[in-house]
Amino acid sequence: MSGADTALLDVRGVSRSFWTGGLLSRRRIDAVKDVSFTLTDARPEIFTIIGESGSGKSTLARMILNGMNPTSGSIAFGGEELTTIRKTRDRMRFMSRVQPIFQNPFESFNPLSKVDRYLTMTARNFTEARSRAETDDASDRALRKVGLSLAEVKDRFPHELSGGQLQRIAIARALIPGPRLIVADEPVSMVDASLRVAIVNLFKDLRDELKVSIIYITHDLATAYYISDRIIIMRKGEVVESGDARAVLDNPQHPYSILLKDSVLSPDVPDDDEPKTIERDRAARSH
Ligand SMILES: Nc1ncnc2c1ncn2[C@@H]1O[C@H](COP(=O)(O)OP(=O)(O)OP(=O)(O)O)[C@@H](O)[C@H]1O
């Protein structure tokens, strides 16, 4: 492959099974079945994995984050097979390039620690910043990318902030190492509905301004429709439909995709309504 079309992430025929139950009731669960897709280095995008509960989205995310090996198939990041990344130094390098965002922002932070401490620790562990001035600078720069500042969050405990603010801080923390890929697993499902568009808009900004690719995992078709470049629809571990997000969601072909669209597409999310979005963004930033 030439430099221009090197795969950022190459997921090839990935499956993952689990065994559950006791000796006599042993049962195999095929959580992910033969999933393949590629994200290219040259064109950052929001790649959405959508599906109902239990369709295998989180299992796939865990494998992409190198927290679990596939039962079969392979995943490579920047040409490097994830199963070969074992040494602490290599793991740290991988983690600086691929960062997670989790569902519940309150669980991402220790309730007894001030939130800026997480930013300081991440700056220390993943960047050259060592002195307080340097870690503060790295934290402030990351916070500004999500519409906050260090002055606003310094010395605050998680319970003193809203879910939307905490999720922004979690995103800022993920940005500190300068990742190429963010894997966001249901990042807005526990955020107040009025703030969701503002958070997902951030992903668009990160893609466009920082050239970060985003894997957006959700069961929320409305936000998926609004921000995705490409999409895969999963059901029972399998990809039932994939392609350009608007094309797939405007004209779903698989019976499950049609059902999904009919059941959840909300009319209150704008199609491409920038002014409203900016207003919502402003409102969200003031929360
Ligand atoms: N560690 C495990 N042991 C056994 N079964 C598991 C394990 N992890 C996931 N599963 C099973 O694999 C299937 C897929 O689960 P997964 O969490 O990946 O789905 P999901 O689409 O992310 O669902 P949700 O939206 O509810 O998180 C489910 O049937 C789940 O019970």
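So the values come out like this:
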{"read-out": "Given charges at beta-carbon only (K, R positive; D, E negative), |dipole| of the chain in Debye", "value": "1240"}
{"read-out": "Antiparallel DSSP beta bridges within the stretch 3-285, percent to nearest 5", "value": "55"}
{"read-out": "Rg over Rh [alpha-carbon atoms, Kirkwood Rh] for the stretch 164-232", "value": "0.92"}
{"read-out": "Calculated from backbone phi, Karplus (6.51, -1.76, 1.60) coupling profile of the stretch 160-165 in Hz, x at Gly/Pro", "value": "8, 10, 7, x, x, 5"}
{"read-out": "Net charge over other residues, Cβ less than 12 angstrom from the Cβ of GLN253 (K, R count +1; D, E count -1)", "value": "-1"}
{"read-out": "Table column - 3J(HN,Hα) (Hz), the stretch 232-249, Karplus curve with 6.51, -1.76, 1.60, x for Gly and Pro", "value": "10, 9, 10, 8, 6, x, 10, 7, 9, 7, 8, x, 4, 4, 5, 4, 5, 7"}
{"read-out": "Summed residue charge, Cβ within 12 Å of GLU52's Cβ, Lys/Arg positive, Asp/Glu negative", "value": "+2"}
{"read-out": "Residue among SER162, HIS219, SER15 farthest towards the positive dipole end of the chain, charges placed on Cβ", "value": "SER15"}
{"read-out": "Charge tally in the Cβ shell below 13 Å around ALA174, where Lys, Arg are +1 and Asp, Glu are -1, ALA174 excluded", "value": "+4"}
{"read-out": "Lysines whose Cα lies under 22 Å from that of LYS236, excluding same-chain neighbours fewer than 8 positions away", "value": "LYS33, LYS57, LYS261"}
{"read-out": "Max mean-square fluctuation residue, GNM over the chain, Cα-Cα springs under 10 Å, options GLN99, GLN165, GLN253", "value": "GLN253"}
{"read-out": "Extension gain (nm, one decimal) between SER25 and MET121, 0.36 nm per residue minus Cα-Cα", "value": "30.0 nm"}
{"read-out": "ARG43 paired with ALA247, simple spin-label distance in nm, labels 7 Å along Cα-to-beta-carbon", "value": "1.0"}
{"read-out": "Taking the stretch 3-285 and dividing mean pair separation by its residue count, relative contact order in percent (alpha carbons under 8 Å, at least six apart)", "value": "23"}
{"read-out": "Those lysines that a straight Cα-Cα span of less than 24 Å connects to LYS145, excepting residues fewer than 8 apart in one chain", "value": "LYS114, LYS154, LYS204, LYS211, LYS276"}
{"read-out": "Kirkwood-based shape ratio for the stretch 1-139, expressed as Rg/Rh from alpha carbons", "value": "1.04"}
{"read-out": "Added length on full extension, which subtracts the Cα-Cα distance from 0.36 nm per residue, LEU112 to SER162", "value": "16.4 nm"}
{"read-out": "Cα point-scatterer Debye curve for the stretch 66-129, base-10 log of I(q)/I(0) at q = 0.17, 0.20, 0.21, 0.26 Å⁻¹", "value": "-0.78, -0.95, -1.00, -1.16"}
{"read-out": "Alpha-carbon radius of gyration plus Dmax, which is the widest Cα pair, for the chain in Å", "value": "19.2, 61"}
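No value in this document is a laboratory result; all are computed from the given coordinates. Nothing here was measured: the structure is a model prediction, and the numbers come from that model. Ideal geometry is used to build each Cβ from the backbone, glycine not excepted, and the neighbour counts take in all protein chains shown.
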